[in-house]
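> I have a structure here, written as structure tokens, and I will follow up with some questions on it.
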Amino acid sequence: MYIIKTIDNLYKKIQFFKKKQKKIGLVPTMGNLHLGHINLIILAKKYVDIVIVSIFINPMQFENSLDFKKYPQTFLKDCLILKNEKIEILFAPKISEIYPNGTNMHTYIQVPKLSKIIEGKSRPGHFIGVTTIIGKLFNLIQPNFAFFGEKDYQQLLIIKTFVKELNYPIKVISSPTIRLENGLAFSSRNKYLNDLELKKAPFLYKTIKDTINIIIKNNGNQLYETINFAKMSLTKKGFLVDIFNVYNSKTLDIFYKKNKNNIILASVWLGSTRLIDNKKFILPH
Ligand code: PAF
């Protein structure tokens with residue numbers, strides 16, 4: 001595995017592989033790798049000859065510097081995991097390599113509607129940071145395929161949208177959320193949870209599933225009451241609910257009874273940790 005830290009060295013390696021007509025796949029990460037990432041790498045290997053994983057804790061997507069500073073950094077452990085997975089390249093640039101003039105006045109990519117709603121409303125600027133870094137990585141690496149988890153569902157839709165609208169010749173492939181047996185989605189942020197919070201956290205996914213069952217049973221009727229009940233149950237358990245609602249899974253428009261393809265998106269606080277999760281469902285008519 002090559003560990004590359006500079007854009008110059010990255011270009012050289014990319015040119016080398018492109019000349020050999022190798023198919024390149026990118027798995028972008030912020031490190032602190034877990035089974036969700038490994039699953040994306042395994043998926044990537046099915047599509048491409050060369051798997052590149054990037055590790056870059058992107059300051060532009062954090063709304064406050066405290067959250068950025070406390071983001072878990074586990075570089076050596078991540079390297080071992082990646083070596084074990086036998087990927088070809090780890091691209092791990094410094095912030096100054098990616099943003100030599102800082103992030104404040106940086107050119108950015110924005111998907112206007114999707115990045116301002118739901119999670120984007122609670123975290124203004126977050127998705128601009130995500131799309132900008134992903135656009136930069138796409139330009140630097142020119143992958144044929146890029147791989148993202150479905151846990152960050154709004155992020156995934158936003159990336160798919162800008163890839164399409166800005167004509168990037170890249171196929172975006174997604175993989176379902178990887179969970180512990182108790183339902184808790186793998187996330188780098190789980191590291192912040194204490195023992196009690198770790199016991200409570202699976203209740204989020206359970207509530208999402210229970211809510212979907214009720215919505216389907218009621219054929220979409222009494223949605224407001226059903227959602228409120230779910231929010232109350234989460235609150236009683238000790239979660240602070242920010243987002244818990246049903247959306248059209250293709251457009252992220254708010255649910256209305258004629259939607260067939262739906263998704264519950266949830267963002268909650270458990271102590272000082274923000275957890276997100278989701279589940280799609282079809283409402284038969
Ligand atoms: O999902 C993440 O880990 C990040 O948002 C991403 C896509 C690597 C961009 O920094």
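The values are calculated or read from the model by the stated rules, or taken from the named source; none is laboratory data. Fair warning: this is a prediction, and the values are worked out from it, not measured in the lab. Quick reminder, even Gly has a Cβ in these numbers, built from the backbone with ideal geometry, and neighbours come from all protein chains shown. These area figures cover heavy atoms from the full protein model, side chains too; ligands, DNA and RNA do not enter into them. Shrake-Rupley method; radii C 1.70, N 1.55, O 1.52, S 1.80 Å.
> Would it be correct to say that Ser65 is surrounded by fewer than 20 Cβ atoms within 10 Å (Cβ to Cβ), more than 20 Å from Gly36 (Cα to Cα) and modelled with pLDDT under 95?
Numbers: surrounded by fewer than 20 Cβ atoms within 10 Å (Cβ to Cβ): yes; more than 20 Å from Gly36 (Cα to Cα): yes; modelled with pLDDT under 95: yes.
For Ser65, the condition - surrounded by fewer than 20 Cβ atoms within 10 Å (Cβ to Cβ), more than 20 Å from Gly36 (Cα to Cα) and modelled with pLDDT under 95 - is met.
> Further, regarding this structure: Name the single residue that is nearest to the ligand (Cβ to nearest atom) among those in the stretch 178-196 being open to solvent by 30 Å² or more (accessible area, probe 1.4 Å) and more than 16 Å from the chain's Cα centre (by Cα). Reasoning before the result, please.
Here is the first cut: in the stretch 178-196, the residues open to solvent by 30 Å² or more (accessible area, probe 1.4 Å) are 178-182, 186, 189, 191-192, 194-196.
Next, from what is left, pick out any that are more than 16 Å from the chain's Cα centre (by Cα): 180-182, 191-192, 194-196.
Values: Leu180: 19, Glu181: 23, Asn182: 23, Lys191: 14, Tyr192: 15, Asn194: 23, Asp195: 25, Leu196: 26 Å.
Only one residue fits best here, namely Lys191.
> While we're looking at this one, here's another question. Search the stretch 122-156 for residues being without any contact (Cβ under 8 Å) to a residue 60 or more places away in the chain and open to solvent by 20 Å² or more (accessible area, probe 1.4 Å), and hand back the single one that is nearest to Arg179 (Cα to Cα). Step through it out loud before you land on a result.
We begin by selecting, within the stretch 122-156, every residue without any contact (Cβ under 8 Å) to a residue 60 or more places away in the chain; these are 131, 135-136, 139, 155-156.
Still in the running and open to solvent by 20 Å² or more (accessible area, probe 1.4 Å): 136, 139, 155.
Details: Lys136: 30, Asn139: 32, Gln155: 19 Å.
Here the answer is Gln155.
> Of all helices (runs of 4 or more DSSP H) completely enclosed by the stretch 81-177, which ones contain at least 2 residues that are more than 16 Å from the chain's Cα centre (by Cα) and over 20 Å from Ile243 (Cβ atoms)?
95-98, 126-141, 153-165
A quick yes/no check of all residues on (1) closer than 23 Å to Thr74 by Cα; (2) touching a Gly at 6+ places or on another chain (Cβ under 8 Å):
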{"position": "Pro143", "(1), (2)": "no, yes"}
{"position": "Val163", "(1), (2)": "no, no"}
{"position": "Ser187", "(1), (2)": "yes, yes"}
{"position": "Leu193", "(1), (2)": "yes, yes"}
{"position": "Lys200", "(1), (2)": "no, yes"}
{"position": "Ile212", "(1), (2)": "no, no"}
{"position": "Lys217", "(1), (2)": "no, no"}
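> Regarding the stretch 158-172, can at least one residue be identified that is farther than 25 Å from Ile4 by Cβ, open to solvent by 10 Å² or more (accessible area, probe 1.4 Å) and within 12 Å of the ligand (Cβ to nearest atom)?
Scanning the stretch 158-172, I find no residue that is farther than 25 Å from Ile4 by Cβ, open to solvent by 10 Å² or more (accessible area, probe 1.4 Å) and within 12 Å of the ligand (Cβ to nearest atom), so the answer is no.
> Taking Ile133, is it touching an Asp or Glu at 6+ places or on another chain (Cβ under 6 Å) and modelled with pLDDT of 95 or more? Show your work before the answer.
On the way: touching an Asp or Glu at 6+ places or on another chain (Cβ under 6 Å): no; modelled with pLDDT of 95 or more: yes.
So Ile133 does not fit the description; no.
> Now a separate question. Residues Asn104, Asn139: which one is under 25 Å from Lys18 (Cα atoms) and more than 14 Å from the ligand (Cβ to nearest atom)? Can you show your working first?
On the way: Asn104 fails: under 25 Å from Lys18 (Cα atoms).
None of the other options fit; the residue is Asn139.
> Go through the stretch 223-268 and count every residue that is open to solvent by 30 Å² or more (accessible area, probe 1.4 Å), touching a residue at least 24 places away in the same chain (Cβ under 8 Å) and among the β-branched types (Val, Ile, Thr).
1
> I'm trying to understand the selection: among the residues of the stretch 192-217, which are touching a helix residue (DSSP H, G or I) at 6+ places or on another chain (Cβ under 7 Å) and closer than 24 Å to Pro284 by Cβ?
Matches in the stretch 192-217: Thr207, Thr211, Ile214, Ile215.
> Which members of the stretch 24-49 meet the condition of being open to solvent by 10 Å² or more (accessible area, probe 1.4 Å), farther than 20 Å from Asn190 by Cα and not acidic (Asp, Glu)?
Within the stretch 24-49, Ile42, Leu43, Lys45, Lys46, Tyr47, Val48 meet the criteria.
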